[in-house]
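One structure is given below, encoded as structure tokens.
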Amino acid sequence: MNGFIKYIIILALFCLTSCQNFYFLKEQRVESDKHSYWKFKLYFDQGKNQLDFYTYGDYVYNKVNKQYIYFTSSEMKKLLYHSIPQNYTEQFLFMYTYQPTFSNILGFYYKGVSIEEVKKRYSEIPHKEDLNQVFSCYPFEKFQVFDLFKKVDGGVIRFVAINNPNYPKDPDYKMFNKEINDMFFENNNLLWDGYVEPLN
């Protein structure tokens, strides 16, 4: 009997770790504003901190449509650990758009990690930074990735955006880069405490 219970516990633990899918579908506070954007209230550090995040109205945040989700769980796990070995503390964002050219965007909070630790990891990777932020755009396996870290109270938050790797009409990532510039450097310019040149 003890062996059977042990088997069930191991099976349950395996299922919990292997079934992670990064589809963060918790209810978020969403407001519309006069410019036809969505304004999200993103909460992290168990709800102690928040920030406003603006997206275009065609971004989807509370549904799963696998046709517009370009990563598998194992691919996202590898990507997350590729540039920073620490495990994230919590996820606070997952969204995508129905436009096939653009990105899936995820958000994570790393409690106790400093922006200086992140900068050290990026010292040999092309990146841009200011006092409280670091970002980079780089290829990883089949994806083009935009990675942004920002210092917050108690740690750092991270936004990860990936392109649609199967879309043949954007071989130089110009459309992807434009979407990133619009989303992160125009719509959300308040993320930046100092001026940072956007993507080329």
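Once you've got the Cα coordinates, tell me which of K111/K174; K41/K128; K111/K178 are over 29 Å apart.
Details: K111/K174 34 Å; K41/K128 26 Å; K111/K178 31 Å.
In this structure, K111/K174; K111/K178 exceed 29 Å between Cα atoms.
Gap in Å between the Cα centre of region 57-102 and the Cα centre of region 133-200?
When both Cα centres are located, 13 Å separates them.
Rolling a 1.4 Å sphere over the protein heavy atoms, what is the accessible area per residue of region 18-158, to the nearest Å²? If you can, show how the numbers build up before the last one.
On the way: 6960 Å² over 141 residues.
Ligands and nucleic acids excluded, the figure is 49 Å² per residue.
Please report the projected area of region 70-123's Cα convex hull averaged over all directions, in nm². Working shown, then result.
Values: hull surface 18.1 nm².
Mean projected area of the Cα convex hull: 4.5 nm².
Leaving out same-chain residues fewer than 8 places away, which aspartates and glutamates sit with a Cα under 18 Å from that of K77?
The reachable aspartates and glutamates, counting only those whose Cα sits under 18 Å from K77, are E90, E141, D147.
Rounded to a whole number, what % of the accessible area of region 154-197 do carbon and sulfur atoms account for, probe 1.4 Å? Let's see the in-between values first.
Working: 1060 of 2170 Å².
That fraction is 49 percent.
The values are calculated or read from the model by the stated rules, or taken from the named source; none is laboratory data. Computed from a predicted model, the values in this text were never measured in an experiment. SASA here: full protein model, heavy atoms, side chains in, ligands and nucleic acids out. Shrake-Rupley method; radii C 1.70, N 1.55, O 1.52, S 1.80 Å.
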